[in-house]
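Just so you know, all these numbers are worked out from the coordinates, no wet-lab data involved. As the structure is a computational prediction, the values presented were derived from the model and not from experiment. Please note: Cβ atoms are built from the backbone with ideal geometry, for glycine as well, and neighbour counts cover all protein chains shown.
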Amino acid sequence: SKSYTVTLLPGDGIGPEVISVARNALQLIASIEGIEFKFKEMPMGGAALDLTGVPLPEETLSAAKDSDAVLLGAIGGYKWDNNEKHLKPETGLLQLREGLKVFANLRPATVLPQLVDASTLKREVAEGVDLMVVRELTGGIYFGKPRGFGTNENGQEIGFNTEVYATYEIDRIARVAFETARKRRGKLCSVDKANVLEASMLWRKRVMEIASEYPDVELSHMYVDNAAMQLVRNPKQFDTIVTNNIFGDILSDEASMITGSIGMLPSASLGESGPGLFEPIHGSAPDIAGQDKANPLATLLSAAMLLKYGLGEEKAAQRIEAAVLNTLDRGYRTGDIYSAGLKLVGCKEMGEEVLKSIDSKVTAI
Ligand code: NAD
Ligand code: IPM
Ligand code: MN
């Protein structure tokens, strides 16, 4: 039978709580589908700092590189917030993305029929939203040089960063986005700030150039400030969005709220080759960590993306997705997506209910 090595990086805060749920689900799926998972749990983020002094130990990166796919919970927390840059949990995450060369971050935001009323937007605005943010993940202002601290001509302390993109970085993310749009509804909106930023001017020029390879995809361009507004005005106008690292970070958190909660949004980070990195888009949620309140569905749906995009196990992926929908159909809700009359449960119980749905082999919708 097929055997896969999956590196699990629980991380900090609610990370271990949601990863434990996903691990159990993958284990059960494996026994149903007749596949095998070899899980390797490794320290990452604040947990790794406490254990080894660095946020991404070499052993963790090499385990990740040697595996078939990587599933991450979340990293970060108050305890490490004032650490120097190279000793921040977040720096470890950026090193992991860079080390795995996963430049394409797919962040789908889908309003499930069961959760329309959990959206902060009106039913008629939220209902039926199904969009995909394709976020560039290993370039832009997160990685650009020069960066650092210094002093200006008036002796004032300064902090500075550089938004920089080379053509090859834009071309490859644009191709992923066009391919993604082609498999969806054939519409791609490139979001930039080309009215102000040189990096965005080049971005727009290259995206237009690559568009000639995809005559079947309808391309549009939008400035990021307008895109932020359009997302809450009329999110249904969007199919696939392609954007840079920082705009994608911000717009995907915004898009998550349309679906009811950031606790619902999964992601897949992919490179040209090698293992993909799969993680919920939310953070370590220190305000609810350790209280069994976290919504594990974003991580379960990330595990589904791992099965689909990382391992090519479509059927197993659909089992998770179907089980999530079935659990919502049966009325179970964590606090972030709860509304009156439904069953309020914690992270663990939500996970157990999803396992029951997987066990009952509900068919995919
Ligand atoms: P956050 O996403 O952790 O939390 C924002 C809000 O959403 C909080 O109120 C939190 O309780 C809630 N929330 C998040 N996930 C939830 C879930 N699954 N279920 C229910 N509610 C949930 O963002 P933040 O507070 O800005 O950041 C906290 C820490 O997480 C910081 O250290 C930050 O750097 C880190 N962070 C890590 C990642 C990651 O690991 N990929 C992503 C974002 C933030
Ligand atoms: C995310 C997070 C990270 C990012 C941080 C924690 C480095 O916000 O995964 O969305 O900005 O990419
Ligand atoms: Mn983010």
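Observations on the structure shown:
- Other-chain or far-sequence residues with amide H under 5 Å of E41's (modelled H): L8
- Segment 300-365: proportion of alpha-carbon pairs further apart than 19 angstrom, %: 33
- Per residue, the Cα convex hull of segment 268-341 amounts to 98 Å³.
- Modelled label positions at E59 and R185, each set 7 Å beyond Cα in the direction of Cβ, lie 4.9 nm from each other.
- Where labels lie 7 Å past Cα in the beta-carbon direction, separation of E33 and E314 in nm: 1.3
- For segment 195-278, the Cα gyration tensor yields ellipsoid semi-axes of 22, 19, 14 Å (square root of five times each eigenvalue, largest first, whole Å).
- For the chain: Kirkwood Rh in Å [reciprocal of mean 1/r, alpha carbons]: 21.0
- The 3J(HN,Hα) values that the Karplus relation (6.51, -1.76, 1.60; θ = phi - 60°) gives for segment 36-44 are, in residue order, 10, 10, 9, 8, 10, 8, 10, x, 7 Hz. Gly and Pro appear as x.
- Phi-derived couplings, Karplus 6.51 cos²θ - 1.76 cosθ + 1.60 at θ = phi - 60°, listed residue by residue for segment 147-156: 8, x, 10, x, 9, 8, 5, 9, x, 7 Hz, with x used for Gly and Pro.
- Size-normalised alpha-carbon gyration radius of segment 1-70, reference 2.2 N^0.38 Å: 1.18
- Based on the reciprocal of the average 1/r between different C-alpha atoms, the Kirkwood radius for segment 38-164 equals 17.7 Å.
- For E36, distant residues with modelled amide H under 5 Å away: K2, S3, Y4
- Sorting the segments 141-150, 69-78 by their residues' average number of neighbouring beta-carbon atoms within 10 angstrom, most packed first, yields 69-78, 141-150.
- When segment 154-205 is reduced to its Cα atoms, the Kirkwood hydrodynamic radius in Å: 13.1
- Secondary structure note: in the chain, about 35% of the DSSP beta bridges are antiparallel.
- Residues whose amide H lies under 5 Å from that of H221, counting only those 5 or more places away or on a different chain, are S190; hydrogens are built 1.01 Å from N in the peptide plane.
- Whole-Hz ³J(HN,Hα) from phi, Karplus 6.51 cos²θ - 1.76 cosθ + 1.60, for segment 133-141, glycine and proline x: 8, 9, 9, 5, 10, 10, x, x, 5
- Size descriptors for segment 99-239, from the alpha-carbon set: Rg then Dmax equal 17.8, 58 Å.
- Value of Rg to Rh for segment 216-365 (Rh from inverse mean 1/r over Cα pairs, i.e. Kirkwood): 0.99
- Considering only segment 93-235, percent of DSSP beta bridges that pair antiparallel, nearest 5: 65
- Each label point was placed 7 Å from the Cα along the Cα-to-Cβ direction; for Y223 and L344 their separation is 4.4 nm.
- Three-way shape call for segment 1-41 based on the alpha-carbon gyration tensor, with the a/c threshold at 1.5: oblate
- Peptides ranked, highest mean first, by Cβ atoms within 10 Å: ranges 57-66, 299-308, 268-277: 299-308, 268-277, 57-66
- Measuring between their Cα centroids, segment 1-71 and segment 166-221 lie 33 Å from each other.
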